[in-house]
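J.: Below you'll find the structure I mean.
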Amino acid sequence: MTKLGAAMINGKAVSFFEPPHKDGPDFPWVDAKELAGAFLPPDAAARMVQHAQRFGADGERVVTVARNGDDIATIMYHAMAQGLCGFIDQQNGFVPADADDAGPVHWQYCIAAGRFAADHWPLSFEGIIHAFHHGGGHFMRGLRDE
């Protein structure tokens, strides 16, 4: 996966990558440790990545790896990154009033990711709708690209 660049989130650089699949439009994937590290101490960010690496049902791959400079990064698709941020919000005491409510960590990530995608990974309106409904592509579900 090719690194597209980085965005500043909560004062930290967070890297974004091309999706690992080619079966349709998707949003850029994000370095999970850098994203968690924008809001958590390094040891807690590393634990979050370990949890993400074990997440998913049989046959699902919700993360993969990519070269990020001299490191091998665990990257995740946009919806998983939103979930990670929502979990951090809950750990920080944010309790949503309803299912449509999101916390400050979630919103900081979403705004930065949206701006990054608009500048570095533009999609058509149809592409955005497809990416929204097809996040992670067949890769995430353990299927091969067709």
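J.: How far apart, in nm, are the 7 Å Cα→Cβ label points at Lys12 and Gln53?
T.: 1.7 nm
J.: If the reach is capped at under 21 angstrom between alpha carbons, list the lysines near Lys22, excluding any in the same chain fewer than eight residues apart.
T.: Within the straight-line limit of under 21 Å, Lys22 reaches these lysines: Lys3.
J.: A follow-up question, please. Measuring from a point 7 Å past the Cα of Val65 along Cα-to-C-beta, which residues in segment 12-43 have an amide N at less than 17 Å?
T.: 20, 30-34
J.: Cα-based Rg of segment 10-87 per 2.2 N^0.38 Å, rounded to two decimals?
T.: 1.05
J.: Between Arg115 and Ala44, with labels modelled 7 Å along Cα→Cβ, what's the label distance in nm to one decimal, could you check?
T.: Taking the simple label geometry, Arg115 and Ala44 are separated by 2.4 nm.
J.: When only C-alpha pairs under 8 Å and at least 6 residues apart count, what is the relative contact order of the chain, in percent?
T.: On the way: 226 pairs, mean separation 45.6, N = 146.
Rounded, it is 31 percent for the chain.
J.: Based on the mean of other beta carbon atoms within 10 Å per residue, what is the order of 36-43, 1-8, 70-77, 88-95, most packed first?
T.: Working: 36-43: 17.4, 1-8: 15.6, 70-77: 19.0, 88-95: 14.1.
For the peptides 36-43, 1-8, 70-77, 88-95, the packing ranking is 70-77, 36-43, 1-8, 88-95.
Coordinate-derived values only; no laboratory data. Remember, predicted model here, so these are calculated numbers, not experimental data. Cβ coordinates were reconstructed from backbone atoms using ideal geometry, including for glycine residues, and neighbour counts include every protein chain displayed.
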